[in-house]
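Peer 1: The following block contains the structure, expressed as structure tokens.
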Amino acid sequence: MTPRPDNGLPPRRPRPQATPTGIDVPPWGGRRAQEALAQVKARGRRASLPCVICSQPIDYGLTYPHQDSCSVQHVKPRKRYPELTWDPRNWEPSHLVCNKQQGERDAPPSLGITSL
């Protein structure tokens, strides 16, 4: 991004990133990302969902920057699947620390219900 003269206006928002398929995807952040987190937290609280990465319980009352607070885990990484960045079906709750350690790797698959 090139520097702009100081004209008293706020800096420009980053431009949407074009995906390999040519779809423009707004970058993750701002109010939209906060709303996504609120949606993931609400769903996680209702269903008592554990962290999608470590499978441990999440305290949905903790807030950022607490390492055990809830964060949005993109099951399919944004870097490899930018078109899924804003797709709620690609969001799962995770601990902030787990999400940061996971990086751009795919989230582990859920084992689902095991048979006896």
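The values are calculated or read from the model by the stated rules, or taken from the named source; none is laboratory data. Note that this is a predicted model, so its numbers are computed, not measured. Cβ placement follows ideal geometry from the backbone for every residue including glycine, while neighbour counts extend to all protein chains displayed.
Peer 1: Give the residue that is modelled with the lowest pLDDT, with candidates limited to residues of the range 88-113 that are among the small types (G, A, S) and part of a loop (DSSP other than H, G, I, E, B).
Peer 2: My answer is G112.
Peer 1: Need pairs with beta-carbon distance below 7 Å; first residue more than 16 Å from P50 (Cα to Cα) and within the range 81-94, second polar (S, T, N, Q) and at pLDDT below 95; sequence gap 6+ or separate chains.
Peer 2: Taking only residues 6 or more apart or on different chains, the pairs are P82/Q17; P82/T19; E83/T19; E83/T21.
Peer 1: Under the condition of being of a type outside the set (A, V, I, L, M) and outside any loop (DSSP other than H, G, I, E, B), which residue from the range 75-84 is surrounded by the fewest Cβ atoms within 10 Å (Cβ to Cβ)?
Peer 2: Here the residue is E83.
Peer 1: Name the single residue, out of those in the range 17-74 being of a type in the set (S, T, N, Q) and part of a loop (DSSP other than H, G, I, E, B), that is modelled with the lowest pLDDT.
Peer 2: Filtering first and then ranking leaves T19.
Peer 1: Also: Given the conditions (1) under 10 Å from the mean Cα position of the chain (by Cα); (2) loosely packed, with under 15 Cβ neighbours inside 10 Å, report the number of the one that S94 does not fulfil.
Peer 2: The number of the failed condition is (2).
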